[in-house]
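Worksheet for the structure shown next.
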Amino acid sequence: MESKNKKAPAKLHIRKGDTVKVISGNAKGETGVIKKVLVEKLRATVEGVNMITKHVKPNAQNPQGSIEKLEGAIHISNLMVVDPKTGEATRTGRKANDKGKLQRFSKKTGNLL
């Protein structure tokens, strides 16, 4: 059997702490802050978005067991960064600053992110 080898791009357009908007899927239109980025799987966990129910088995600390609500991962192609100055979803680009370091910028407004 062939295995699917997904190779992550050198840099992702999102990172932990960014405010993002979901552009497709069940959570379309929702916004939230990225809690975790799974680079190998090209997925991200967004605060308060794509909530799933997890059944937890009983254990010593929790003898009753429980049902927990937590965020599920979303593919990064379904997320767009929100420009903090305008509050609108935007595509991102990278350009060098004065010191030659690459910085992300909004393609809509040109503001640095």
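The values are calculated or read from the model by the stated rules, or taken from the named source; none is laboratory data. A quick note: this is a predicted structure, and the numbers were derived from the prediction, not measured. Here Cβ is always computed from backbone atoms with ideal geometry, including for glycine, and neighbour counts include all displayed protein chains.
Results, tabulated for the structure shown:
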item	result
Unmet requirement for A27, which otherwise passes all of (1) modelled with pLDDT under 90; (2) surrounded by fewer than 16 Cβ atoms within 10 Å (Cβ to Cβ); (3) not β-branched (V, I, T)	(2)
Where a residue in region 77-95 is among the polar types (S, T, N, Q) and its partner, wherever it lies, is in a loop (DSSP other than H, G, I, E, B) and crowded, with 18+ Cβ neighbours inside 10 Å, with Cβ under 6 Å and at least six apart	T90/D83; T92/H13
Residues located in region 13-37, provided they are in a loop (DSSP other than H, G, I, E, B), without any contact (Cβ under 8 Å) to a residue 24 or more places away in the chain and not charged (D, E, K, R)	G17, G29
